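Report on one structure; see the data block that follows.
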Amino acid sequence: MTQRPLYSRIIGTGSTVPPNCVTNQELAERLAARGIETSDEWITARTGIRQRYFATPDTMTSDLALTASKNALCAANIDPQSIDLVIVATSTPDSVLPSMACLLQHKLRLRNDCTAFDMQAACTGFVYALTIADQCIRGRMCRTALVVGAEIISRLLDFDDRSTCVLFGDGAGAVVLQASEQAGLISSVLHADGSHTDILCVPGRVSGGAICGQAFMSMDGQAVFKLAVNLLEKVALEALDKAHMRAAQIDWLIPHQANIRIMQSTCRKLELPLEHMLVTVDRHGNTSAASIPLALDEAVRDGRIARGHTIMIEGVGSGVTWGAAIIRF
Ligand code: UT7
């Protein structure tokens, strides 16, 4: 007997940011006290960022992941015991071992035999994690997945480096993905090119009981900018092509929220009106793997995204990694 085609659909979204909001002006004052010059004008004009949220030292990434997940499970209105797959996309896990996904599984008191693992694809992490979860569901390995993007990127920031420390913020977003006979995730494409490792990296490693090498983020902003603009257009077209769709059929574009200039460039290249792009970078800064699910949840909760809408998510990050997915909500 042939099996009916199976899809995965998002049945709930959730997110959170830590309570400590830092405006550009406040950040500029903090940096000035260290002899570093920056301004609200520069940050706003070059990036579109006006503020970001920083976690306090006693907050762990899994705490943010837990709140976002609880919100998503509540929105999905399902028994948490039905979750049989947990994937956490993060570059800032609580610890080297065990994985964030196992920590989260335990904190949520999920079934103690589900599949749980982390996804490290930097800012593209959520696109990767969602795609893998979709494949696990379509392959009938599991039925209901919790997919999370969670970061405390501020722990990797060198506050003596104005070219990176003004860009990032902390937060988490989550979705519950469930097997369905209706199309949810329509197409997705994932890529990586490890020849660009040095333009965006945190090269430090744990060895001999200590951190060896630079444990701060370093970035060649212009090189990443040029790559991002190019790759995001290409991957969006690839995902559309795979779905046999045109850009005009996309209700909402949710790009990784790194820089408004990169985001607007993609939107223009796709000839999508800017009103069809979700923007949270102004309030969250770049939250890496959390940025897409944060923006998604915000728009679901305020009613801009409604059932039946077609969404494109896309991201680029360290690696470099890049990817896009088209979702029928
Ligand atoms: O999430 C992963 C993906 N990451 C990204 O997508 C980030 C991609 N890159 C970018 O978003 C941009 O390249 C940046 C926002 C990082 C930088 O913007 P830019 O327009 O490329 O500026 P720039 O690096 O060319 O720097 C221009 C000037 C420099 O001064 P000079 O050499 O012209 O005198 C910098 O030293 O701006 C200076 N500058 C700053 N000035 C005030 C750099 N950072 C700051 C700052 N405040 N925070």
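Here, each number is a calculation from the coordinates, and none is a lab measurement. What you see is a predicted model; the values in this text were computed from it and never measured. Every residue, glycine as well, gets a Cβ built from its backbone with ideal geometry; the counts of neighbours run over all protein chains shown.
Here are some notes:
- Each Lys or Arg adds one and each Asp or Glu takes one away; over the other residues whose Cβ falls under 14 Å from the Cβ of residue 165, this sums to -1.
- DSSP-defined antiparallel bridges as percent of all bridges, segment 185-328, nearest 5: 80
- For segment 315-329 and segment 1-57, distance of Cα centres in Å: 18
- Sequence-separation-based contact order of the chain, relative, with Cα cut under 8 Å and 6+ spacing, percent: 25
- For peptides 234-241, 96-103, sequence by mean Cβ density within 10 Å, most packed first: 234-241, 96-103
- Among the lysines of the chain, pairs at least eight places apart or on separate chains and with Cα atoms under 15 Å apart come to 5.
- Positive end of the dipole of segment 1-123 (Cβ unit charges, origin at the Cα centre): among 119, 85, 15, the Cα lying farthest that way belongs to 85.
- The C-alpha atoms of the chain define a longest principal axis, and helix 291-301 lies at about 60 degrees to it.
- Relative packing of 200-212, 107-119, which averages over residues the other C-beta atoms within 10 Å, highest first: 107-119, 200-212
- Among 276-289, 135-148, 216-229, the peptide with the highest mean count of other Cβ atoms within 10 Å heads the list, and the full ranking is 276-289, 135-148, 216-229.
- Hydrodynamic estimate: the Kirkwood radius of segment 185-328 over Cα pairs, inserted into Stokes-Einstein at 25 °C and 0.890 mPa s, corresponds to D of 153 µm²/s.
- Stokes-Einstein diffusion of the chain at 37 °C, 0.692 mPa s viscosity, Kirkwood radius from Cα pairs, rounded to a whole number: 166 µm²/s.
- The three principal axes of the C-alpha atoms in segment 100-225 carry coordinate ranges of 51, 34, 25 Å, sorted with the longest axis first.
- With Cα atoms, 0 to 90° folded angle of helix 61-76 axis to the chain main axis: 30
- Estimated [θ] at 222 nm from DSSP helical runs (n ≥ 4, -39500 (n - 2.57)) normalised by residues in the chain, nearest 500: -10000 deg cm²/dmol
- Annotation for segment 23-90: chymotrypsin sites (Phe, Trp or Tyr not before Pro) lying in DSSP loop with at most 16 further Cβ atoms inside 10 Å of their Cβ do not exist.
- Point-to-point label distance, residue 4-residue 210, nm (Cα→Cβ direction, 7 Å offset): 6.2
- The angle separating the long axis of helix 260-269 from the principal Cα axis of greatest extent in the chain is about 50 degrees.
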